[in-house]
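Colleague: Before I ask anything, here is the structure I am working with.
Nothing in this text is a laboratory measurement; each read-out follows from the coordinates by a stated rule. Note that the structure is predicted; figures quoted are calculated from it, not measured. Heads up, the Cβs are rebuilt from the backbone with ideal geometry, glycines too, and the neighbour counts pull from every protein chain shown.
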Amino acid sequence: MTIGLFAVFIVITLGVTVWARVNTRGTDDFYAGGRAFSGAQNGLALAGDYMSAASFLGIAGIIALSGYDGFLYSIGFLVAWLLTLLLVELMRNAGRFTMADVLSYRVGRRPMVRTAAAVSTVTVSVFYLVAQMVGAGALVSLLLGIHPGETFMGISPEAAQVITILVVGMMMIFYVSYGGMKGTTWVQIIKAVLLMAGTTALTVLVLSRFGFNLSEMLGAADARSGRPGQFLNPGQRYAKDADGIVGKLDFASLAVALVLGTAGLPHIVGRFFTVPDARAARTSVNWAIGLVGAFYLMTLALGFGATALVGQEAITAQDPSGNTAALQLAQAVGASVAGPVGGEILLAFIGAVAFATILAVVSGLVLASSTSLAHDFFGHVLMFGKPKESQEVAVARFSAFVIGVFAVFLAVLVRDMNVAFLVALAFAMAASANLPAIVLSLFWRRFNSTGVVCGVYGGLLGSIVLVALSPVVSGGPRSLLPSPVDFHVFPLENPGLVSIPFAFLCAVAGTLLSREKSDPGRYSELSVRALTGAGAHGQPTKNVGGAR
Amino acid sequence: MQADDLAGLATDERFRLLKARFRRLALTIVGAFLGWYFLYIALSAFARDFMALPAIGNVNVALLLGVLQFVSTFVLAWRYTRYARRKLDPLSAELRDEAGQRQAERERERRILAERHRIENWTRR
């Protein structure tokens, strides 16, 4: 039944994609959806791009098992949008399609800057993509209720996992390479509406079971959490008292990456350019704040509701990391309203929503990285900024295919690893590699191209190297590599606390140490354009008194 | 749009005002929300007993402050938007229109010159 509902979603989105293809002609259409989306539409799409299955299933699961600490994720993910709100108008005015447009505005045609931005965009996207796709693979065996060793219609769980990754990969490649930004945006909008409807329905049903008394729900959750009296207090999962100061620093590091990463996520930045002007961009971020805020508030009801109604034991029995909590909750709540059939129906609906969520987020990521490859690397580096539009769009379609295949390959390869850390790592990389370069480009008069390149690579390499040398990879209880291997030097699992300041330092040092002079004229030009929108792409210039 | 049209506006008094207003606003908001967010994170990490105090029924201080983070985010976004609409948008629209006008004038001059040139060439023949 889940499959049936999901098939309906696919048929509808395919129709939209085909329609979008018919209406996509040049680069403005393919990369920016013709800049014709309204603030509200783009706000829905931003929320759709942002709310991944990791937050839907993952956060509900963490709250269900660790109580209050899971809620910290929700808060970080929302608060981050304020920074986005402050930057969105400036970036919309200064850029054209990608972050690299903003970074290279002042420094002219420097291939190094474009290349750095493209490398960072693709790296962040691919890490995030792999995490989402492995998540999709894990989800399917849980949804079909296949336990290890069993088969479902002759398919083993391993095979089901691989098949799911392949199907998701094919779909996302199709959405992006065929529908471009127009198609992908509509997929996001449909997904956001579905996800909000699903979570709202579930939340209302859960709360109604407790007479809409939040306190009563929390009490019930506490009682069935396996650690009554502590479940609602901080420190059940992160910064446990036993971990001492390292644990607390690690926790702060995660918090920093969450709050500073959002404004540098490539699939979010790409969405700033799909609206006609800066005002619409502001409106769209405000919509996103409203939707994302409402959604993350509801994760409270989902998580605590799951503990209260399903119980901690039943959740860990199904999946030790709690990713099925929201699904089990749907089944329990549906059953209590309309009997076993109701349970199956609600479970199928929420499961289909989860699939739609994954599919939409991975499409957004593939679009962002193929846009960057085609526009920044092919268009500006290989073709010196003078490619034919049709050529560039063809390259973008092809890059979507290449990146999609690459991500599928990686996801199949690492499908059995615990890759949940990749999401946090993607945020840390976005916060270290992209945010310092964006902020300094917009606000620091002396900043130059050497600084951009140093900042981007410094942040990117810094965060990757720190994670490679951390307990995530070796020497910890949950490391990727088996126990005798231990080369960890860096004690924190989250690199942000060190890698973000390091990236700023690299950017400043690169600027001051290079002999290259910054161009104050270009900086004034950028600041006028960023703040007023004069000369921004897609802005119809008023032709006052200039009639023929 | 020609580069000097934009760079020329950079020294305009109104642009300076716009820039100063935006920077003040942005710094206030960034200071407020980052300060409050990290205070909250620090409380969660170090002031465990305080966060565990009951507030309303089973809702403790930690959850209450967490929900307040949501409220403060909504309020700051709303304040920013209101301020931008009142104090930033009119200024930037004025400057943008002026830049557009300047560009249009330049365009017209160029067209007139080209036309004159064409006529001169034609009469000389």
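Colleague: How far is it, in nm, from the label point at B:Ala93 to the one at A:Ala317 when both lie 7 Å from their Cα along the line to the Cβ?
Modeller: Going by the 7 Å Cα→Cβ label model, 6.3 nm.
Colleague: To continue, here is another question. Would you mind computing, in nm to one decimal, how far apart the modelled labels at A:Met417 and B:Arg86 are, each placed 7 Å from Cα along Cα→Cβ?
Modeller: Those two pseudo-labels are separated by 5.3 nm.
Colleague: List the lysines whose Cα lies under 21 Å from the Cα of A:Lys182, skipping any in the same chain that are fewer than 8 positions away.
Modeller: A:Lys191, A:Lys388
Colleague: Between A:Lys386 and A:Arg478, what length in nm is gained on full extension when 0.36 nm per residue of separation is reduced by their alpha carbon distance?
Modeller: 28.2 nm
Colleague: So if R0 is 60 Å, what FRET efficiency would A:Ala223 and B:Arg110 give, r being the distance between their Cβ atoms, rounded to the nearest 0.05?
Modeller: Values: r = 79 Å, r/R0 = 1.32.
About 0.15, to the nearest 0.05.
Colleague: Further, regarding this structure: Under 5 Å between amide hydrogens, which residues at least 5 positions from B:Asn60 or on another chain qualify, with H placed 1.01 Å from N in the peptide plane?
Modeller: B:Ala55
Colleague: Per residue, what volume in Å³ does the Cα convex hull of the protein assembly as shown take up? Provide the component values of the computation, followed by the final result.
Modeller: Working: hull volume 113.1 nm³, N = 673.
Normalising the Cα hull of the protein assembly as shown by residue number yields 168 Å³.
Colleague: Let me ask something else. Give the cross-link partners of A:Lys240 among the lysines, using a straight C-alpha distance below 30 Å as the criterion and excluding same-chain residues fewer than 8 apart.
Modeller: By straight Cα distance, A:Lys240 reaches A:Lys248.
Colleague: For the range A:284-417, what D do you get in µm² per second when you plug the Kirkwood radius from alpha-carbon pairs into Stokes-Einstein at 37 °C and 0.692 mPa s?
Modeller: In µm²/s, the coefficient is 179.
Colleague: How do A:Ser390, A:Ser432, A:Ser156 rank when sorted from fewest to most other Cβ atoms within 10 Å of their own Cβ?
Modeller: If I rank by nearby Cβ atoms, fewest first, I get A:Ser390, A:Ser156, A:Ser432.
Colleague: Any idea what the relative contact order of the range B:3-124 is, in percent, if you count C-alpha pairs under 8 Å spaced at least 6 apart?
Modeller: Relative CO of the range B:3-124 lands at 35 percent.
Colleague: Still on this structure, I have one more. Sorting A:Leu422, B:Leu65 on the 10 Å Cβ count, fewest up front, what's the list?
Modeller: Exposure proxy ranking, most exposed first: B:Leu65, A:Leu422.
Colleague: What helices does chain A hold that run 15 Å or longer along their axis, going by alpha-carbon atoms, with a Kyte-Doolittle average of -1.0 or more, using DSSP H for the helix calls?
Modeller: Within chain A the helices that satisfy the rule are A:2-22, A:39-50, A:68-94, A:111-143, A:157-209, A:244-261, A:278-309, A:325-371, A:389-413, A:449-468, A:496-513, A:520-532.
Colleague: List the aspartates and glutamates whose Cα sits under 15 Å from the Cα of B:Lys19, skipping any in the same chain fewer than 8 residues away.
Modeller: Those aspartates and glutamates meeting the cut-off are A:Glu89, A:Glu525, B:Asp89, B:Glu94.
Colleague: Return a whole-number percent for the relative contact order of the range A:270-415, with Cα pairs under 8 Å and 6 or more residues apart as the contact set.
Modeller: Over the range A:270-415, the number comes to 12 percent.
Colleague: Taking the Cβ-Cβ separation of A:Ser208 and A:Phe401 as r and a Förster radius of 41 Å, what is the calculated FRET efficiency to the nearest 0.05?
Modeller: Computed FRET efficiency for A:Ser208 and A:Phe401 comes out at 0.30.
Colleague: How large is the convex hull of the C-alpha atoms of chain B per residue, in Å³?
Modeller: Per residue, the Cα convex hull of chain B comes to 139 Å³.
Colleague: In what order do A:Tyr238, A:Tyr457 fall by count of nearby beta-carbon atoms within 10 Å, going from fewest to most? Before the final figure, lay out each step's value.
Modeller: On the way: A:Tyr238 25, A:Tyr457 19.
In order of increasing Cβ crowding within 10 Å: A:Tyr457, A:Tyr238.
Colleague: Here is a follow-up. Give me the Å³ per residue figure for the convex hull around the C-alpha atoms of the range A:93-234. Could you put the intermediate results ahead of the total?
Modeller: On the way: hull volume 33.6 nm³, N = 142.
Once divided by residue count, the hull of the range A:93-234 is 237 Å³.
Colleague: In peptide B:56-63, how many Cβ atoms from other protein chains are near each Cβ within 10 Å, on average?
Modeller: The mean count of partner-chain Cβ atoms within 10 Å per residue comes to 6.
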